[in-house]
Amino acid sequence: MKGEGINEGNANQIYLIPTPISDNFFKPPIEIFKKFKTLYVENLRTARRFISSLGLKVSDYEFIEIPKKPNKSFLEELVFPSAILSEAGAPGVADPGNLIVRVAHQKGATVIPIIGPSSIILALMASGLDGQNFHFHGYLPINNLSGELKKLEKFPYTHLFIETPYRNQKTFETCLKALSPTTLLLVASDITGSNEFIRTKSIQEWRKENLLLPKLPCIFGFLKN
């Protein structure tokens, strides 16, 4: 059977379109935007700005903002063909859109992911930690971060998590206090950006340094060694 290419297939399609995760501009293939007129987005203002930056006419598209908790009626009224545009990175990966994709599958639509940046995958690739067995936790509870780190450290696989940029330094310092000296800790900040910083060291090695983290998007990872 011949597979459907990007320029083939019926109108019952939904495209998953990544966007930049830093100041390093990422540009998805422009021809994709000829396939639909409806865009599901996290933020109307930034989505329109991104479309304009691609040299496309904002007025050519209908922008539908994705609710934080999409209800049944919203999901039942999905339009095809359409696209989900990430706010930063890849739709559905630490980013809204997964429920829309799930319903698209239920409706028999063709879901077409477009290659683009994902800070989670890029951090894991560059970490040297176990990429065969890992878990992304999103945000860890800040009211008991130390206890949560100690609990997760018992599980023998790579743990990845994110934090609000203004808490980067506090989170790093908590990792140094809570984790075992031989545990490997990844710090990945501003991935693909002009201030990109990616380092993996043992806790005991990190404790010898005086690292000050900027208030930029950051991913932390650790693996008991």
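For this structure, a couple of remarks:
- Test: residue in the range 53-62 that is closer than 13 Å to Thr19 by Cα, surrounded by fewer than 19 Cβ atoms within 10 Å (Cβ to Cβ) and not small (Gly, Ala, Ser): yes
- For the residues Val79, Val103, the requirement of being β-branched (Val, Ile, Thr) and in contact with a Ser or Thr (Cβ under 8 Å, 6 or more places away or on another chain) singles out Val79.
- Tallying residues that are surrounded by 14 or more Cβ atoms within 10 Å (Cβ to Cβ) and assigned to a strand (DSSP E or B) within the range 121-136 yields 2.
- Close contacts from the range 135-146, counting a first residue that is assigned by TED's automatic domain parsing to the domain that holds Ile219 and a second that is assigned to a loop (DSSP other than H, G, I, E, B) and not aliphatic (A, V, I, L, M), with Cβ to Cβ under 7 Å and a gap of 6+ residues or different chains, come to His135/Tyr157.
- Selection within the range 154-186: residues that are among the hydroxyl-bearing types (Ser, Thr, Tyr) and not in a helix (DSSP H, G or I). The member of this set that is farthest from Pro214 (Cα to Cα) is Tyr157.
- Hits in the range 102-115 (condition: surrounded by fewer than 19 Cβ atoms within 10 Å (Cβ to Cβ), not in a strand (DSSP E or B) and not basic (Lys, Arg)): Val103, His105, Gln106, Gly108, Ile114, Ile115
The values are calculated or read from the model by the stated rules, or taken from the named source; none is laboratory data. Every value quoted in this text rests on a predicted model; they were computed, and no experiment measured them. Here the Cβ is made from the backbone with ideal geometry for all residues, glycine too, and neighbour counts use every protein chain on show.
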